[in-house]
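The values are calculated or read from the model by the stated rules, or taken from the named source; none is laboratory data. Predicted, not measured: the structure shown is a model, and the values here were computed from it. A quick note on method: Cβ atoms are made from the backbone with ideal geometry, for glycine too, and the neighbour counts reach across all protein chains shown.
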Amino acid sequence: MEGDSVTLNSGLTEIMEGDQIQWWFGYKSSLIAEINKQADDITVNNKFRHKLDKQTGSLTITNTTTEDAGRYKLLINSVIKSFSLTVYARLPVPVISRDCSSSSPSSCSLVCSVFNVSHVTLSWYKGNSLLSSISVSDLSISLSLPLEVEYQDKNSYSCVLNNPISNQTQHLDITQLCQLSALVESVHCCGSTEAVIRLVLSALVGVATVILLVYDIRSRRMLNFKGPSSVFFVLLVFLS
């Protein structure tokens with residue numbers, strides 16, 4: 001994991017007189033550390049994060065970053081040993097949000113997202129059962145995984161981001177993200193401003209309908225008119 005320390009073991013218990021130890025890194029083979037026992041000389045190119053054991057020749061890398069990942073070669077006299085090091089970045093916590101564009105009156109559409117990740121798998125779980133997953137390897141990209149649940153669903157859901165050595169879990173709170181209230185639905189999916197505008201317009205239409213209804217009743221009584229009410233036609237236009 002990024003920030004941890006790792007030791008590449010030379011396999012030696014003690015460097016003998018006349019031995020020469022060299023550590024190389026990368027496909028271009030840059031020399032990063034060397035021990036010449038005969039000359040009693042130790043050279044470390046990155047002395048702050050690379051430490052060389054004087055007795056065994058093992059190489060320790062402290063406070064690892066993703067830039068330390070790659071191929072290491074150890075040269076002991078004429079013998080070569082190879083190491084492949086993978087350093088995983090620390091995982092972010094997945095974010096669960098409402099997908100308003102896909103929600104329906106009977107179900108709630110959700111999406112779990114993470115950003116700028118690599119070598120990970122993003123999964124939805126229902127209890128301990130895997131529902132769906134998506135993976136990415138080398139590229140640092142964003143991942144999104146959808147999930148659709150019923151409004152009254154009482155099951156436990158969680159979104160999990162993991163790599164081979166760690167994981168991050170975000171649990172779903174259905175009651176918080178999937179509300180049945182029309183007001184909450186409007187605020188959550190459309191935004192508070194649009195929801196307020198809708199409510200104001202609905203209130204104005206309601207008030208106007210009541211006023212028109214009272215006026216229509218009075219007019220019909222005065223004229224003794226028994227035909228269809230004008231409110232009926234107004235409601236037809238509004239509903240259409």
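One line per residue, one yes/no per condition, for (1) farther than 30 Å from SER133 by Cα; (2) of a type in the set (A, V, I, L, M, F, W, C); (3) part of a loop (DSSP other than H, G, I, E, B):
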| position | (1), (2), (3) |
| --- | --- |
| ASP4 | no, no, yes |
| THR7 | yes, no, no |
| GLU17 | yes, no, yes |
| LEU31 | yes, yes, no |
| ILE42 | yes, yes, no |
| GLY57 | yes, no, yes |
| GLU67 | no, no, no |
Take the residues in the stretch 1-32 that are farther than 14 Å from LYS81 by Cβ and crowded, with 18+ Cβ neighbours inside 10 Å; name whichever of them is modelled with the lowest pLDDT. ILE15
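Could you grab me the full set of residues in the stretch 146-188 that are small (Gly, Ala, Ser) and modelled with pLDDT under 90? Spell out how you get there, then give the answer.
Start the filter on the stretch 146-188 by keeping residues that are small (Gly, Ala, Ser), which leaves 156, 158, 166, 181-182, 186.
Once the filter is applied, which keeps residues that are small (Gly, Ala, Ser) and modelled with pLDDT under 90, the stretch 146-188 yields SER181, ALA182, SER186.
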